[in-house]
1. Given the pairs C:K82/C:K248; B:K51/B:K80; A:K277/A:K305; A:K239/C:K82; A:K4/A:K53, which are separated by over 22 angstrom at their Cα positions?
2. Assuming R0 = 35 Å, what is the FRET efficiency of C:T130 and C:I199, from their Cβ-Cβ distance, to the nearest 0.05?
3. Compute and list, largest first, the equivalent-ellipsoid semi-axes of chain C from the alpha carbon gyration tensor, each √(5λ) rounded to a whole angstrom.
4. Tally the DSSP beta bridges in the protein assembly as shown and give the antiparallel ones as a percent, rounded to 5.
5. Using alpha carbons only, how many degrees (0 to 90, rounded to 10) separate the axis of helix B:162-179 from the longest principal axis of chain B?
6. If R0 is 35 Å, what FRET efficiency do you get for B:D148 and A:T350 from their C-beta distance, rounded to 0.05?
7. Of the residues B:E30, B:E82, B:E190, which exhibits the maximal mean-square fluctuation in a Gaussian network model of chain B defined by a 10 Å Cα contact cut-off?
8. Report the Rg/Rh value for the stretch C:117-196, based on alpha-carbon coordinates and the Kirkwood definition of Rh.
Amino acid sequence: MTDKPIQGEKRVFMTGNETLAWAAVAAGADIMYGYPITPQNEVMHYWTRMAPKFGRKFLQTEDELSAGFTTIGGIMAGSRAFSATAGPGTTLFQEPISMAEMMRIPLVMAILQRGGPSTATVIYSQQEVNMMTFGGNGEGWRVVYSTATHQELYDYMIKSFNTAWKYRFPTFVLADGYQAKMREPLTMYNPEDRGIEMVETERFVGLPGVPGTDRPPAHHRNTFSVEEELYEATMPIQKEYEEMSEHVVEWEEEDVDDADIIILSHGVVSRAAKAAKNRLRAKGYKVGYFRPITLRPFPEKALQKVAGKCNNFLLAESALGQFARPVKEALFNVPVNSFETIYKPGVGFTAEELVEKIESAR
Amino acid sequence: MRIVEAYIGEYASGKSENAINRALDLVQGEEPVTLVDLDLVEPCYTLRPLKRQLEARGLQVIAWETKDTVGLGEAGAILKPEMRWALQRAGHVILDVGYGASGSQIFNLLEGFTQSSAQVLAVINVARPMTATVADIIEYLQEFVQLDGLINNSHLGDETNMAIIKEGVDIVSEVSRKMQIPFVATAADERFRSQLGKQDHQGHTVRYLRRFMTEAFW
Amino acid sequence: MTDHLAMPKSWHVETKPHKFCPGCGHGIALKILGEVIDELNIQDRLVFGVDIGCSLLAWDFFDVDTVQTHHGRTNPVMVGMKRANPDLLCIAYMGDGGGYAIGSQHLVNSAFRNERILAIVINNCNYGMTGGQMAPTTLPGQKTETSPYGRDAETTGSPTLGPEMVAAIASPGAYVARGSIANIKQLKRFMKKAVENQIAGNGFSFLEVLSSCPTNWRTNAKQTWAFVEDEMSKYFKTGELRTPDEKKEA
């Protein structure tokens, strides 16, 4: 091991959880705070193996509430800090996330979705979409990247730190148990070597000088006295969120221009969707593919534009409509001819079943 | 002669593929062969889903079945009682070992395990960043009290090419020389048979692998 | 000598007079803390974390960098900060609900891990800001809005003995004490030693302050004082429970 965690570009073979840990190392994360929960444990396993080699820190907390609030403390002290969790842990994390939203704290996390509700399975699901986009008592002031490949886990984990610190909204990599545990090749790199400049962190407290003498004290709060005061405080945040949205919104689309039907999906399901689209195209079916990468903010305009070209949709998700909800909202007032859904809460998709579904209807 | 071999390695090193293929090789002989799934770290990627398929091929498989494991993962690090007594069985025993930070301490869980009775073989994939260089591999292997051989299983999944296999041979050879631990074999996917032949470019035996673990997800 | 009539230098003048009720013990505790900050000259490296409940009213109390957090979550915010930057001095300031009920797991585990922060719990035997409900520290028989017939230990348990609990689990190097606004000289000695313990990096520091809540107790000045001095001190004994050298002031 050397000072520079990654020497040049390197093709490697890893699990998703390891990929996230390496990405955090490459991004210059200073400290991780975490609590064990399957399927995210190996993020901590690998981080704790690497941390001493690269001068990074780790704290295992007593629960996810503490993991969230200690991460916030670390960030306010000026550290590039992060955490990772899943399922019931994500539920507990909504509290610190809401504080980060209100106080514009650049909280970064990886979420490895598992089945729900409750303890359910430790394996796989897409049932934390509602919670990660609009959880907590607030307005969903977060950025949520839904990844599909290990390369994306790596790329978007690095990007999350920059999105969070640039715009000061909590930012998440929303993956799942399959991505956590599956293994595939990816290219690791130092962000700087690709011209990705890591956004500098800043302290919220412990600033130079004596407060009250050399500078005003930094007083941070999330409590307000009256409705009007809260309104005055929150509306500028909403405005900044909206202004940020057009810069951070991302999606992927293929073969939509001449499509008769478009498969809508996100995250790991989009691997099956893309493969199905390619197989159907090879058979002569005019099938398109649209996949939001940011679930929050949602690529509404992009989807509306696609709907202008083709308004037959097949939506597939491993949940009971959590992804369909923002899709339908985006398509409100847009003429839609057909909108079919396959909901499989906590169960994965294969390309074959999507191929069969579309073929059988043609 | 009775063979007891433990295949150890990092996540995605290929230890399970090597263990399965070794066990299936041995089952061609007369002795019974027992394959033990001793993965206490990452129970999602175990032999569990393959149990019946492997039994149909003549192996005795000691592994949990998914239906028996409520809270799999949460409680995945549960030792099946038969595992503790696996070495008491007649015939050959192949252990697929996920060991965690405690390294070869895991062998304390096996009744009758002695250093002289078993071969501990480390499966190494140089495409894994924690075991990418000679120095890293040596640092990693030093955790093990017992280590009898090295298997170069360098690969990039479906993207595997001759270059990565060759790089693995060179790096693992260097580790073998420095640590004075035998280089037992290079392992590679069946599809490289025509290119690689019986020996790698440094003259080590090549073990060809049929891949099973792609079906073993959860 | 500190001039007790003067405002501590570390107080934020613009927000005085403060917003606590007349007769509230927070003002006394924060005055003592202000004097300690001044005497130890730590204004530039201190971060003050305040909880939800009446403690949040101190969010702009000092000329000190301050973070108002969530109910019960001040300990972990300060722990995370201290872990990330050990040069900072971090004080988590909360009420008995935040310390012993909703945030009790954080207090217990901060103590177990010997986190190098100072946690101060203001014990006033009830939830003040929410309107006088029963707290973990409500005395047996004490009437509150959620124990209108008096606290029944059979059904609601006995008052939490915070410092005793922390002292029982704390590691060597910890400082644990209970003071009272009824004995400000002693309270100041404890407060200063607690802060100094963090400066020295010895271990977890914990201070409970017996305080008053005349608004919710519905007591006049004499009754308030009598409750703190007679009723509370019977159940909650003041003194040092853990010190780094294990020499303790009773």
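Throughout, read-outs are computed from the coordinates displayed, never taken from laboratory work. Source: prediction; values computed, not measured. Positions of Cβ are generated from backbone atoms using ideal geometry, with glycine treated the same way; all protein chains shown enter the neighbour counts.
1. Exceeds cut-off: C:K82/C:K248; A:K239/C:K82.
2. Calculated value: 0.50.
3. 26, 21, 17
4. 20
5. Approximately 80 degrees, to the nearest ten.
6. Efficiency, rounded to the nearest 0.05: 0.25.
7. Comparing B:E30, B:E82, B:E190 in a Gaussian network model of chain B, the most mobile one is B:E30.
8. 1.04
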